[in-house]
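Coordinate-derived values only; no laboratory data. Small disclaimer: the values here were computed from a predicted structure and weren't measured. We place every Cβ from the backbone using ideal geometry, glycine too, and count neighbours over all the protein chains shown.
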Amino acid sequence: MATPFTGEGERRKGSVELRALAARRLRPVADRGAPGRVNRPLLATLGELGLLSRVVPLAGPVRALDLCLLRESLAYSCTEAETALALQGLGAHPVVAHGNRAQRARWLPEIAAGRAVAAFALSEPGAGSDAAALELRAEPAGAVSGVAAGAVGWRLHGEKRWISNAPQADVYTVFARTGPGSRAAGVTAFLVPADRPGLGGEPLEMLGPHPLGTLTFDGVPVGPGDVVGEVGRGFRLAMATLDLFRPSVGAFAVGMARAALDASVAHAGERRAFGGPLKDLQAVSHLLAEMATRTEAAGLLVQAAATAYDAGEPGVAARSAMAKLFATETAQYVVDSAVQIHGARALARGHLLEHLYREVRAPRIYEGASEVQRTIIAKELYR
């Protein structure tokens, strides 16, 4: 079973090992999957290799630095494996951190083994970047048959959209309004199995290849045993989850940037034009230098944010936002520059950079768009 890495030297060694493991064991399984759909054999392989247990631990917290190492290393060699691992961790983390004994016993071993697919259901048609505007209703329903065991329950009404792993997941962490408060007040998190009556959904066809869809709730029954954490405190739980995962989105971006940079360095050293290799052209060499510098800076910012999270230091929200903002914007620049260096061949279907060019766009939007990250950072400056 894979174990966390500690110390800079061990982390570097671990990164090299994970890149090789992803290329050897995960890339072939990913290639057999259908784009935009959950790849269950890939999840099973991630579980078999012990990688999922590091983001869905049965005991103890998730270490942000270890999560970042995993996501950056996997992204370098197999973005599909990186995304599958990250989405499992994101969907399960509320249960890891706040789930009751029954929820943990029922779901965490299955999710960590890759036998069950988890999803984090926060966004809605009118509540994407402005997550506090969510409108999914949890209406009191008295005794809910088969769920609440005679206790007071709720029925969920509304829609979620842009939900990763939907509608193919086996269990969803769903955020809904149980109280009269507006914005962040009155939101509760529920753990909702996919077989609950009234729960439906459809896949969405997106630019990037990872699974995304809608969920519809037509009186879906939930009870006290489905509540994750405390009633009315679900929004805080959601934001705490994102504080952990935002630096690792940056790590995902850094992994893609490093892959694009290495491909560009190799190409510029081999490709001949105007009487010599591309690397001898100042325009190209200076562009490579800028790509390398920005990528290194992004990696250090991600590492600093993750280290601060693990140490419980103040200002984690701002540091997480900075890491995601800078790393995702940097990756967009680096991948775009890599395409420019490679020329038309990079636009051919199946080329590494064609794949990265589609993959790199979404992280600037999900888990808080770049503009939202700037707003968070600015607010934290005056806190």
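Along the axis of the charge dipole computed for segment 183-288 (Cβ charges of +1 for Lys and Arg, -1 for Asp and Glu, origin at the Cα centre), the listed residues His267, Pro203, Pro224 are led at the positive end by His267. Each residue of segment 202-212 was assigned a 3J(HN,Hα) from its phi angle through the Karplus curve 6.51 cos²θ - 1.76 cosθ + 1.60 (θ = phi - 60°); the sequence is 9, x, 10, 8, 10, 4, x, x, 8, x, 8 Hz, with glycine and proline shown as x.
Rg and Dmax of segment 161-300, based on Cα coordinates, read 23.2, 73 Å.
When the dipole is taken about the Cα centre of segment 232-383, and only Lys, Arg (+1) and Asp, Glu (-1) are charged at their Cβ, what size is it in debye, to the nearest 20? Working shown, then result.
On the way: 18 positive and 15 negative charges, 67 e Å.
About 320 debye.
Put a plus charge on the Cβ of each Lys and Arg, a minus charge on the Cβ of each Asp and Glu, and nothing anywhere else: the dipole of the chain about its Cα centre is then about 280 debye.
For every other residue with a beta carbon closer than 12 angstrom to the beta carbon of His267, add +1 if it is Lys or Arg and -1 if Asp or Glu, then tell me the sum.
Taking every Cβ under 12 Å from that of His267, the sum is +2.
Note on Glu205 and Ala289: the model spin-label points, each 7 Å out from Cα along the C-beta direction, lie 4.6 nm apart. Can you pull a Stokes-Einstein diffusion coefficient for segment 8-113 at 25 °C (0.890 mPa s), Rh from Kirkwood over Cα pairs, as a whole number of µm²/s? Roughly 175 µm²/s, to the nearest whole number.
With a cut-off of 12 Å between beta carbons, the residues surrounding Leu49 carry a summed charge of +1, where Lys and Arg count +1 and Asp and Glu -1. Dividing the mean sequence gap of close Cα pairs (under 8 Å, 6+ apart) by how many residues the chain holds gives a relative contact order of 15 percent.
From the helices alone, meaning DSSP H stretches of at least four residues, give me the mean residue ellipticity at 222 nm for the chain, per-run term -39500 (n - 2.57), in deg cm²/dmol to the nearest 500. Walk me through the intermediate numbers first.
On the way: 11 runs with 189 residues, N = 383.
Rounded to the nearest 500, the figure is -16500 deg cm²/dmol.
Centroid-to-centroid, using Cα positions, segment 166-201 and segment 324-344 are 36 Å apart. With R₀ set to 51 Å, the beta-carbon distance separating Lys379 from Arg272 gives a calculated FRET efficiency near 0.50.
From the Kirkwood radius over Cα pairs of the chain, Stokes-Einstein at 10 °C and 1.306 mPa s returns a whole-number translational diffusion coefficient of 74 µm²/s. Start at zero, step by 5 Å, and the Cα-Cα distances of segment 236-381 spread as 2, 11, 19, 19, 16, 12, 9, 6, 4, 2, 1, 0, 0 percent across the bins.
Taking the centroid of alpha carbons for each part, segment 223-275 and segment 347-379 are 9 Å apart.
Quick check on packing: order 85-97, 335-347 by the mean number of other C-beta atoms within 10 Å, highest mean leading. Mind showing how you got there, number by number?
Details: 85-97: 24.9, 335-347: 18.2.
Averaged packing, sorted descending, gives the order 85-97, 335-347.
What percent does the relative contact order of segment 92-211 come to when contacts are Cα pairs within less than 8 Å and at least six residues apart? Once divided by the residue count of segment 92-211, the mean separation gives 23 percent.
Farthest towards the positive end of the charge dipole of segment 8-113, among the residues Leu67, Val55, Ala92, is the Cα of Ala92, using unit charges on the Cβ of Lys, Arg, Asp and Glu. Normalising the average separation of contacting C-alpha pairs (under 8 angstrom, six or more residues apart) by the number of residues puts the relative contact order of segment 174-316 at 19 percent.
Karplus-based coupling profile of segment 258-275, in residue order and whole Hz: 5, 5, 5, 5, 4, 5, 6, 4, 5, 5, 5, x, 9, 6, 9, 7, 6, x, with θ = phi - 60° in 6.51 cos²θ - 1.76 cosθ + 1.60 and x standing for Gly or Pro. Charge dipole (Cα centre; +1 on Lys/Arg Cβ, -1 on Asp/Glu Cβ; no other charges) of segment 118-232 amounts to roughly 220 debye.
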